[in-house]
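For reference, the structure discussed in these notes is given below.
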Amino acid sequence: MDSVYENSRIVLSTVASNENSRNEGNHSYEQESEREVNTAKWNKLLLTVFAVSLVFALGGLCVVSILYVRALTQQSAQTNTKIMKRQLEELTANCSRVKDDLYIKDSMMKDLTANYSRVKDDLHIKDSMVKELTANNSRIKEQQSFYKAFRASNMTAFQGKLYFFSSDKLTWSSSRAFCVSRGTDLVTITSRSEQAFLQSKMNEWTWIGLSDLETEGRWVWVNNQTLNDTGVEFWYKRQSGKSEPDNWTKDDPSGEHCAIVKYALNYLKSWFDVSCEHTYKFICEKKI
Ligand SMILES: [Ca+2]
Ligand SMILES: [Ca+2]
């Protein structure tokens, strides 16, 4: 009986021992599984942390890159701005210098223009003076020529007039042109004494400065005085027939329009109208 009991107890002990062993084995497996789960969780957590860190690192790198690029851009922009500002200052300075130069040149141009105008005016004045001097010189030469001719000819003075008695014979118009070219004109007789004086100096028929070339019958002296203006006339008077001036056309069909003095007659009746194309001596006159 005891042996059976003892065997039974051994068996029970063995069973109990096996049961314990089985229980212990199950417990280790659970622990191992739990450990693996925990490890996986930690790995996952670490990966998540690593991934997040990596994202933040990349983000930070991007931000730093952006800031760096922005800083570089700003620095470049500042540098460019400084360069442009310096260039602008230089351009402004150059512009100012050019403006000053232009102002100076404009002032110089105004001065030159004013000087040119003054020189031009001076030249104009001098040109006028030269012309006036030339004209005076020409008049002086004419007077010298006249006085030279006066000394060399039978020219004479009477009551404030000089008379040139020609030795050559010309037509009336050529005679007048000769007198005018020497600063004189054909004689104008304005008094009985002058008529008497001139006729006393004549030795041939002689032109005087009287004509009716412009209007037939209207006798006018070369100084535009009429016979009414001077108040004296010394036409030849015939006892019978028409007296002078008669505008005779048998000698010249165009008539007679120029006056002569016939020296051998009464000086109070010695004027004749004749053809202007005849040639006679003449008298030039100049007031002194
Ligand atoms: Ca006439
Ligand atoms: Ca006549």
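Since every read-out is calculated from the coordinates, none of them should be taken as a lab result. Since this is a predicted model, take the numbers as computed values, not measurements. With ideal geometry, Cβ positions are generated from the backbone for all residues, glycine too; neighbour counts draw on all protein chains shown.
Criterion first (closer than 14 Å to residue 187 by Cβ and either buried (at least 20 other Cβ atoms within 10 Å of the Cβ) or within 13 Å of ligand 1 (Cβ to nearest atom) (or both)) does residue 232 satisfy it?
no
Provide a single number: the residues in the range 195-221 that are more than 16 Å from ligand 2 (Cβ to nearest atom), under 60 Å from the mean Cα position of the chain (by Cα) and closer than 19 Å to residue 169 by Cβ.
Residues meeting the conditions: 1.
From 171, 188, 184, 156, grab the single residue that is among the β-branched types (Val, Ile, Thr) and free of Cβ contacts under 8 Å to residues at least 60 places away in the same chain.
156
Which of (1) more than 13 Å from ligand 1 (Cβ to nearest atom); (2) farther than 30 Å from residue 145 by Cα does residue 262 not meet, given it meets every other one?
Against the list (1) more than 13 Å from ligand 1 (Cβ to nearest atom); (2) farther than 30 Å from residue 145 by Cα, residue 262 comes up short only on (2).
Need the failing condition index for residue 283 against (1) of a type outside the set (Asp, Glu); (2) out of contact with any His (no Cβ under 9 Å at 6 or more places or on another chain); (3) within 12 Å of ligand 2 (Cβ to nearest atom); (4) not in a loop (DSSP other than H, G, I, E, B), just the number.
For residue 283, the failing item is (3).
Taking the options 262, 242, name whichever one is within 16 Å of ligand 2 (Cβ to nearest atom), surrounded by 14 or more Cβ atoms within 10 Å (Cβ to Cβ) and charged (D, E, K, R). Give the derivation first.
Values: 242 fails: surrounded by 14 or more Cβ atoms within 10 Å (Cβ to Cβ).
After ruling out the rest, the residue left standing is 262.
If you go through the range 236-272, how many residues are in contact (Cβ under 8 Å) with a residue 12 or more places away in the chain, more than 60 Å from the chain's Cα centre (by Cα) and on the phi < 0 side of the Ramachandran plot?
Number of matching residues: 20.
In this structure, does residue 275 turn out to be away from ligand 1 (no atom under 16 Å from the Cβ) and of a type in the set (Gly, Ala, Ser)? Quick ask: steps written out before the conclusion?
On the way: away from ligand 1 (no atom under 16 Å from the Cβ): no; of a type in the set (Gly, Ala, Ser): yes.
For residue 275, the condition - away from ligand 1 (no atom under 16 Å from the Cβ) and of a type in the set (Gly, Ala, Ser) - is not met.
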